[in-house]
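Report on the following structure.
Read-outs: derived from the displayed coordinates by stated rules, not from any lab. Note that this is a predicted model, so its numbers are computed, not measured. Cβ placement follows ideal geometry from the backbone for every residue including glycine, while neighbour counts extend to all protein chains displayed.
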Amino acid sequence: MGKNTKISTADLEEIFVDRRDVKFWKKEGLKHSYLFWVRAMLSRDPVSVERPRISTASIGVDVSVKERKDIYELLAKCFDVPTLELIKNLTDGSFSDMLRCLNVPEGKKLILDTGDLDNEEALDVLKKEYTGLFFDTYLPFIPPYESIYRGEKHVMSKYTRDVDSFYRKIGLGVESDMPDHISHECEFVSILCEKELNALKETEKEGYRVMRNEFLRNHLLGWGSMFCSDLCVLAKSDFYKGISLIGKEFFDLEYNLVCSR
């Protein structure tokens with residue numbers, strides 16, 4: 001479904017069972033179709049149609065396991081509820097070294113331009129934006145869940161269950177949120193990278209590497225770039241604008257490295 005495609009009532013009735021959903025998306029769908037997740041809600045198979053666009057800046061670049069671990073860990077923290085420690089680590093510029101493999105000068109500058117975000121008042125502002133971006137009850141907002149971006153129309157879908165099964169393979173679980181929250185998925189990849197780095201046997205390293213690439217192909221890289229594109233559109237602060245640019249560039253790079261081979 002394109003950004004300006006007209007949505008008919010008949011089409012919506014084929015997608016949604018509840019008449020209230022039909023009425024809601026008839027009104028809101030076209031208005032907010034600039035967001036990928038909205039188009040995913042109104043299409044049966046959106047991801048197969050709209051694959052991530054590979055950044056030309058990413059072509060020819062490779063990423064070490066340590067760089068992957070650090071960047072996925074950073075993204076996991078940035079896509080979660082903001083903390084004072086995170087803000088300080090980002091704004092003092094110490095994060096720049098771990099991003100040297102990415103060509104995102106604008107994203108890095110936006111993060112640094114957040115300036116004096118090292119106090120509770122400024123942190124409260126970012127927390128409010130986080131809530132508004134990801135958990136508002138009125139459009140436009142961005143649900144941070146793979147199941148929605150993959151066109152499942154609801155959380156706790158087959159994607160959610162499969163993500164949870166990946167976590168449990170290495171003894172992990174999510175208690176207070178859906179397993180397919182983008183922060184959890186990024187954290188999981190970071191943990192796999194750390195386990196690969198710490199494994200003593202080459203067979204163990206290979207096992208974690210295979211699991212990581214399988215998870216990336218089947219899950220995170222199928223929607224992470226589109227999530228960041230939506231975030232860039234709606235973000236108001238330099239912080240979230242910068243993170244969206246950094247995240248998109250990295251997911252595009254990973255897609256080029258992992259899914260195109």
(Q) Order these by the 10 Å Cβ neighbour count, fewest first: Glu185, Glu206, Glu152. (A) Glu206, Glu152, Glu185
Q | Filtered trypsin sites (Lys or Arg not before Pro), the stretch 62-137: DSSP coil and at most 11 other beta carbons within 10 Å | A | Arg100
Q) Among the listed pairs Lys108/Lys236; Lys66/Lys88; Lys23/Lys153; Lys23/Lys158; Lys128/Lys236; Lys69/Lys109, which are separated by more than 20 Å between their Cα atoms? A) Lys66/Lys88; Lys23/Lys158; Lys69/Lys109
Q) Can you work out the FRET efficiency for the pair Phe24 and Arg161, with r the C-beta to C-beta distance and R0 = 30 Å, to the nearest 0.05? A) 0.70
**Q.** Near-label residues of the stretch 128-165 by backbone N, under 12 Å of a point 7 Å along Cα→Cβ of Leu172
**A.** 163-165
Q: Mind pulling the per residue volume of the convex hull built on the Cα atoms of the stretch 56-259? Å³ is fine.
A: 124 Å³
(Q) Quick check on the exposure proxy: order Trp25, Trp223 from fewest to most C-beta atoms within 10 angstrom. (A) Trp25, Trp223
